[in-house]
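A.B. asks: Next up is a structure, given as structure tokens.
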Amino acid sequence: MKAIIIGRETCASPEAAGKLEWLETNGLGGFSSSTILGMNTRRYHALLTAATRPPVGRVVMLSKFEEAVTIGDRRYDLSSNRYPGAMYPEGYRYLREFRLDPCPTFVFELDGVVVEKSVFMPHGENATVIEYRVGGEATLELRPLIAFRDYHATTHCNDVLDSHYAEETGLVSVCPYRDLPVLYLAHDAAAVSVGAGWYYHFEYDRERERGLDFQEDLFNPLTLTYRLSAGARATVIASTLRHAASDSGAMREREMARRAALVAAAPLDNPLAQRLALAADQFLVQRGELESVVAGYPWFSNWGRDTMISLPGLTLATGRFDAAKRILRAFAASMDQGMLPNRFPDAGEQPEYNTVDATLWFFEAIRAYGEASGDYDFIRQNLYPRMKESIDWHLRGTRYGIHVDDDGLLACGEPGVQLTWMDAKVADWVVTPRHGKPVEIQALWYNALCIAQEFADADYASMLRELGCKARSAFRALFWNAQAGCLYDVVNGDVRDSSIRPNQIFALSLPHRMLDEGSERQVLDLVERELLTPAGLRTLSRSDPQYRGRYEGGVVNRDSAYHQGTVWPWLIGPFLTAYTRLKGGTKAAEWLKQVPTLLESDCLGQFFEVADGDGPHLPGGCFAQAWSVAEICRLARAASPTECAAGAVGALPVDSALQPPASVARAQHRN
């Protein structure tokens, strides 16, 4: 797989390089991240953020190292930091190259002497391995800066911190606060000495831009000093477990072999598919004995909606069927009152069930798993009972006013609650409430009814088919906006929301659909004309008075623009799925050609959450978003003619028109 390489010209520019980030993850929800300069620009940047209750309970333990190399009588500071009114030191001036190959590697040049630093996280452990190699005789000095705080917060100088460290041969440990884990630093340094104490007023530019607390103080408990000969390696293993520095070689070998296996198992033998396989892997995390999906780095945890939307791309399109199975099991076990949780909170509270669509996406994820794996027995035995339970709850009514109306369509909503994926809320203000009957919820509901028929007994299947016919007739009558040639976004009694939004694309992209082809083409043309950008679909037409073209500023500004024009890359998946079915695959192939460039535009090797609605569509939000990556994985798999012809995951759906496909007939026969 081709490495991503950033050269000297970009590295020498703090403005340009400070916007390029890297990410390492550990499969537990923990992560390591910073800019390619090693200069932290977010409160979420750190060498070790541990997941203390996988995949949540994240604690920033080791923020960074202050690094200096002495060659002869000259000292070179390799670190870069932002302080009020100044950048100090300016180690970026020595940075010749940054590589993602496959882990982050920094190459410094100090008057002809090369210093190479690499960072990686071993899978399944809250640990980060940092290694240095110097191309000549030198002294390396590392000053660990610790934070020990929730990853959403910042640390400031205080008298509570325990400044002491414990030392053994090749191992030091710090535990500045009693209620947090011990940080072990395994090392092969020549000497350990007392640190400098507090470093004050680090500034994080990305937090300043977001209108949040952007200053932090960090504590330096100790200094590690290495005496290195040419080619020698200096190692630190920062972990919540005890290690010896000599463990690093085996840890690296295991982790690089694991990643090589992911690349080798990529369904398509091309650099994009291989890069996407690694990107997808970073979102799959352990949850108890099962598995889940981190919705986005650096600040999201595991969300039901994001997980179900992402599952086909992250697991099925990458050939990881066992992971899909574990995820489906985990969320089936968490169902309550016929609903999947919207979110598992970071602090370990009870799951939140404030979503109308996560459960409906669960049905689609099950369908995709069955189509990809052929494992219908697993679905029948473990998942169909939950599917039936969910439909029954929706028929009689569940939380937040979610219920099937007399016309067979699904209504939802209560004041002050946001239930669809357009869920921005500022204090008590729900930005896009969408109460009543949102268009994509009807498309998902109909799709779920058709999917459930595949596993139902004859009587229940007949009821579902009748309900689906009723819903389809009502949908066509209520949602068609003849004046605009598209679908209303929400129908709430006699009120019809004619906002031009991307939600209607799901009525064209899901496997089971309710519109005739002529209507579908009109919707597709309008979405392409009004919402399509190179980065994805806008969430609102530019002609709408509520349109916001920039996703920027403080919390209120950003949340009020979140679904009011901001571009979401994940929506390109359903759009191109519908486009390929109706007009052919040329546009999908063209769009995929730009993906390698997009994977190098923000967090290297990852795909961002949102972008500005106005050009040049600068990235924003999370720098790595699960469903953005997942939909690209799914599209890349579907774009292969051989794979599509074989009926693989991502192949374009065929309208059932409420007629059971072959898999349904087989399932019903087994009844």
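A.B. asks: From the residues in region 141-190 that are acidic (Asp, Glu) and within 30 Å of Leu212 (Cα to Cα), which one is farthest from the chain's Cα centre (by Cα)?
C.D. replies: Narrowing region 141-190 to residues acidic (Asp, Glu): 141, 150, 159, 162, 167-168, 179, 188.
Within this subset, residues satisfying the condition of being within 30 Å of Leu212 (Cα to Cα) are 150, 159, 162, 179.
Details: Asp150: 19, Asp159: 37, Asp162: 35, Asp179: 29 Å.
Within region 141-190, the match that is farthest from the chain's Cα centre (by Cα) is Asp159.
A.B. asks: For Tyr353, indicate whether it is crowded, with 21+ Cβ neighbours inside 10 Å and either among the aromatic types (Phe, Trp, Tyr) or modelled with pLDDT of 95 or more (or both).
C.D. replies: Numbers: crowded, with 21+ Cβ neighbours inside 10 Å: yes; either among the aromatic types (Phe, Trp, Tyr) or modelled with pLDDT of 95 or more (or both): yes.
Yes: the conditions hold for Tyr353.
A.B. asks: With region 362-480 as the region, which helices (runs of 4 or more DSSP H) entirely inside it contain at least 2 residues that are polar (S, T, N, Q) and open to solvent by less than 10 Å² (accessible area, probe 1.4 Å)?
C.D. replies: Details: elements: 384-396, 439-453, 458-479.
Correct list: 439-453.
A.B. asks: Got a sec? Which of Val192, Val174 is without any contact (Cβ under 8 Å) to a residue 40 or more places away in the chain and more than 30 Å from Arg550 (Cβ to Cβ)? Lay out the reasoning, then the answer.
C.D. replies: On the way: Val174 fails: without any contact (Cβ under 8 Å) to a residue 40 or more places away in the chain.
Only one candidate passes the filter, namely Val192.
A.B. asks: While we're looking at this one, here's another question. Going through region 42-89 one residue at a time, which ones are farther than 30 Å from Gln286 by Cβ and touching a helix residue (DSSP H, G or I) at 6+ places or on another chain (Cβ under 8 Å)? Break it down into steps so the answer makes sense when it comes.
C.D. replies: Initial filter on region 42-89 (farther than 30 Å from Gln286 by Cβ): 66-89.
Glu67, Tyr76, Asp77, Leu78, Ser79, Ser80, Arg82, Met87 - these are the residues of region 42-89 that are farther than 30 Å from Gln286 by Cβ and touching a helix residue (DSSP H, G or I) at 6+ places or on another chain (Cβ under 8 Å).
A.B. asks: Output the qualifying pairs, or none if there are none: Cβ atoms under 8 angstrom, residues six or more apart or on different chains, first residue in region 63-85 and free of Cβ contacts under 8 Å to residues at least 12 places away in the same chain, second residue aliphatic (A, V, I, L, M) and surrounded by fewer than 23 Cβ atoms within 10 Å (Cβ to Cβ).
C.D. replies: Close Cβ pairs satisfying both conditions: Arg75/Ala68.
A.B. asks: Of all the residues that make up region 270-308, how many are within 15 Å of the chain's Cα centre (by Cα) and in a loop (DSSP other than H, G, I, E, B)?
C.D. replies: Residues that pass the stated criteria total 9.
A.B. asks: Output the residues belonging to region 593-619 that are open to solvent by 30 Å² or more (accessible area, probe 1.4 Å) and more than 14 Å from Ile572 (Cα to Cα).
C.D. replies: Pro596, Thr597, Glu600, Ser601, Asp614, Gly615, Pro616, His617, Leu618, Pro619
A.B. asks: Is it the case, given these coordinates, that Val129 is touching a Ser or Thr at 6+ places or on another chain (Cβ under 6 Å), buried (at least 22 other Cβ atoms within 10 Å of the Cβ) and either modelled with pLDDT of 95 or more or under 27 Å from Leu183 (Cα atoms) (or both)?
C.D. replies: Details: touching a Ser or Thr at 6+ places or on another chain (Cβ under 6 Å): yes; buried (at least 22 other Cβ atoms within 10 Å of the Cβ): yes; either modelled with pLDDT of 95 or more or under 27 Å from Leu183 (Cα atoms) (or both): yes.
Judged against the criteria, Val129 is a match.
A.B. asks: For the structure I just gave you, tell me whether Cys157 is open to solvent by 10 Å² or more (accessible area, probe 1.4 Å) and within 27 Å of Arg252 (Cα to Cα).
C.D. replies: In short, no.
A.B. asks: Moving on. Considering Ala196, Ala232, which residue is at pLDDT below 95, surrounded by 13 or more Cβ atoms within 10 Å (Cβ to Cβ) and more than 26 Å from Asn26 (Cβ to Cβ)? Steps first, answer last, please.
C.D. replies: Numbers: Ala196 fails: at pLDDT below 95.
Being at pLDDT below 95, surrounded by 13 or more Cβ atoms within 10 Å (Cβ to Cβ) and more than 26 Å from Asn26 (Cβ to Cβ) holds for just one of Ala196, Ala232, which is Ala232.
A.B. asks: Which of the residues belonging to region 519-543 are surrounded by fewer than 19 Cβ atoms within 10 Å (Cβ to Cβ) and among the charged types (D, E, K, R)?
C.D. replies: Result: Arg521, Asp525, Glu528, Arg529, Arg542.
A.B. asks: If you don't mind, there's one more thing I want to ask. Among the candidates Asp101, Asp111, single out the residue that is within 30 Å of Gln286 (Cα to Cα), surrounded by fewer than 18 Cβ atoms within 10 Å (Cβ to Cβ) and modelled with pLDDT under 95. Before the answer, list the steps.
C.D. replies: Working: Asp111 fails: within 30 Å of Gln286 (Cα to Cα).
Criteria check complete, one pass: Asp101.
A.B. asks: Is there a residue in region 388-408 that is under 27 Å from Pro433 (Cβ atoms) and among the aromatic types (Phe, Trp, Tyr)?
C.D. replies: yes
A.B. asks: Taking the condition under 29 Å from the mean Cα position of the chain (by Cα), among the aromatic types (Phe, Trp, Tyr) and at pLDDT 95 or above, does Phe219 pass?
C.D. replies: On the way: under 29 Å from the mean Cα position of the chain (by Cα): no; among the aromatic types (Phe, Trp, Tyr): yes; at pLDDT 95 or above: yes.
Taking the combined requirement at face value, the residue does not satisfy it.
A.B. asks: Could you please tell me which pairs satisfy a Cβ distance under 7 Å, a separation of 6+ or placement on different chains, a first residue in region 481-504 that is of a type in the set (Lys, Arg), and a second residue that is outside any strand (DSSP E or B)?
C.D. replies: Close Cβ pairs satisfying both conditions: Arg496/Tyr488; Arg501/Asp489; Arg501/Thr539; Arg501/Leu540.
A.B. asks: I've got another one for you. Can you confirm whether region 74-84 contains a residue that is closer than 16 Å to Asn40 by Cα, of a type in the set (Phe, Trp, Tyr) and open to solvent by 10 Å² or more (accessible area, probe 1.4 Å)?
C.D. replies: Scanning region 74-84, I find at least one residue that is closer than 16 Å to Asn40 by Cα, of a type in the set (Phe, Trp, Tyr) and open to solvent by 10 Å² or more (accessible area, probe 1.4 Å), so the answer is yes.
A.B. asks: Quick test for you: out of Ala273, Ala260, Ala244, pick the one residue that is within 30 Å of Ala638 (Cα to Cα), open to solvent by 10 Å² or more (accessible area, probe 1.4 Å) and out of contact with any Cys (no Cβ under 9 Å at 6 or more places or on another chain).
C.D. replies: One residue alone meets the criteria, Ala260.
A.B. asks: A follow-up question, please. Any idea how many residues of region 45-86 are in a strand (DSSP E or B), touching a Leu at 6+ places or on another chain (Cβ under 9 Å) and more than 17 Å from Glu216 (Cα to Cα)?
C.D. replies: The qualifying residues number 10.
A.B. asks: Scan region 577-600 and report the pairs whose first residue is under 20 Å from Leu268 (Cα atoms) and whose second residue is open to solvent by less than 30 Å² (accessible area, probe 1.4 Å) and polar (S, T, N, Q), with Cβ atoms within less than 9 Å and a gap of 6+ or a chain change.
C.D. replies: Pairs found: Thr577/Ser509; Ala588/Thr577; Leu599/Gln606.
The values are calculated or read from the model by the stated rules, or taken from the named source; none is laboratory data. Keep in mind it's a predicted model, so treat the numbers as computed, not measured. When we count neighbours, we look across all protein chains shown, and the Cβ atoms used for this are built from the backbone with ideal geometry, even at glycine. These area figures cover heavy atoms from the full protein model, side chains too; ligands, DNA and RNA do not enter into them. Shrake-Rupley method; radii C 1.70, N 1.55, O 1.52, S 1.80 Å.
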